[in-house]
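Notes to accompany the following structure.
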Amino acid sequence: MKISEFATDVQAEVEGVWIDVGDGLKLRVARFGNKRFQRYLASMAKPFSRTSPTNEIAEGILRKAIARHVLMDWENLTEEDGTDIGYSEEKAVELFESHNDFYMLVQDLSKEVDNFKRTTDEEAEGNS
C-alpha cells in the first residue's frame, strides 16, 4: 500500500466537508481532533490543571468543543412540524444534550477518515 493512501486534506479537516446524511439533511463536519478542536480543549482544561473535572463537566466541555470546532453547519434540519432549525453553536449543544443519537452521528462522521481523504486532481475532475 502506498503511503499516499493515508493522505488527508488538512484544510477540510479543520473547515469541514459537507456530508449528505439522508432525507435531505446535510452536515458540514470537521475532523474530530483537528488543531482548533485540540487548542480549544486545552484552553478549557487549564482550570483543571490541579484537579479533574467531574464527568458531567468534562462531557459538557466536549459537547461545546464539538459544536464549535467539529459540527460547522447543517442544512435541512427541521423540527417535527417542519420548521427549519437554524444552525448555531448554542443550538448544536442543545441538540447534542437532547438527542444523543444526533451527537453520536456527528462524532462518528467526524472520525471517518474517508470523509477527509485527499483526492487527486484526476479524481476530482471525474467527480465533477
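Where a number appears in this text, it was derived from the coordinates with a stated rule and is not lab data. Computed from a predicted model, the values in this text were never measured in an experiment. Don't worry about glycine lacking a Cβ; one is built from the backbone with ideal geometry, like all the others, and counts go over all protein chains shown.
Looking at the range 1-98, which GluC sites (Glu not before Pro) are in a loop (DSSP not H, G, I, E or B) and have at most 10 other Cβ atoms within 10 Å? If you can, show how the numbers build up before the last one.
Details: sites: GLU5, GLU13, GLU15, GLU56, GLU59, GLU75, GLU79, GLU80, GLU89, GLU90, GLU94, GLU97; in loops: GLU79, GLU80.
Qualifying residues, ordered by number: GLU79, GLU80.
By the count of other C-beta atoms within 10 Å, a proxy for reagent exposure, LYS64, LYS26 are ordered fewest to most as LYS26, LYS64.
Is the range 1-59 rounded, prolate or oblate when judged by the Cα gyration tensor, a ≥ b ≥ c being the square roots of its eigenvalues, rounded requiring a/c under 1.5 and prolate requiring a/b larger than b/c? Note, shape of the range 1-59 comes out oblate. Under a 5 Å amide H cut-off, with hydrogens placed 1.01 Å from N, LEU77 pairs with ILE85 among residues at least 5 apart or on other chains. Database remark: amide H of VAL17 closer than 5 angstrom to the amide H of VAL29, ALA30 (H placed geometrically; neighbours at sequence offset of 5 or more, or on other chains; Pro and chain starts carry no H). Taking the number of Cβ atoms within 10 Å of each Cβ as an exposure proxy, the fewest-first ranking of ASP9, ASP101 is ASP101, ASP9.
Per-residue 3J(HN,Hα) values for the range 82-87, derived from phi via the Karplus relation 6.51 cos²θ - 1.76 cosθ + 1.60 with θ = phi - 60°, read x, 5, 5, 9, x, 6 Hz in sequence order (x marks Gly and Pro). Among (i) 19.4, 55; (ii) 16.5, 54; (iii) 13.4, 41, only one was calculated for this model; which label is it, if the read-out is Rg and Dmax of the Cα atoms in Å? Working out Rg and Dmax of the Cα atoms in Å from the coordinates points to (ii). Restricting attention to the chain, lysine pairs at least eight places apart or on different chains and with alpha-carbon atoms under 30 angstrom apart total 21.
Applied to the range 106-117, the Karplus parametrisation 6.51 cos²θ - 1.76 cosθ + 1.60 on θ = phi - 60° returns per-residue 3J(HN,Hα) values of 4, 4, 4, 5, 6, 9, 7, 4, 4, 5, 10, 4 Hz, with x for Gly and Pro.
On the basis of the beta-carbon distance and an R0 of 22 Å, ILE3 and VAL113 show a calculated FRET efficiency of 0.95.
Could you give the length gained on full extension between ARG68 and ILE85, defined as 0.36 nm per residue of separation minus the Cα-Cα distance, in nm? It would help to have the intermediate numbers written out before the result.
Values: separation 17, 0.36 × 17 = 6.12 nm, distance 1.69 nm.
Separation in residues times 0.36 nm, less the Cα-Cα distance, equals 4.4 nm.
List ARG31, ARG36 from most exposed to least, where exposure is judged by having the fewest other Cβ atoms within 10 Å. Walk me through the numbers before you get to the answer.
On the way: ARG31 25, ARG36 15.
Taking fewest neighbouring Cβ atoms as first place, the list is ARG36, ARG31.
3J(HN,Hα) along the range 36-46: 5, 4, 5, 5, 4, 4, 4, 5, 6, 7, 3 Hz, from the Karplus curve 6.51 cos²θ - 1.76 cosθ + 1.60 with θ = phi - 60°, whole Hz, x for Gly and Pro.
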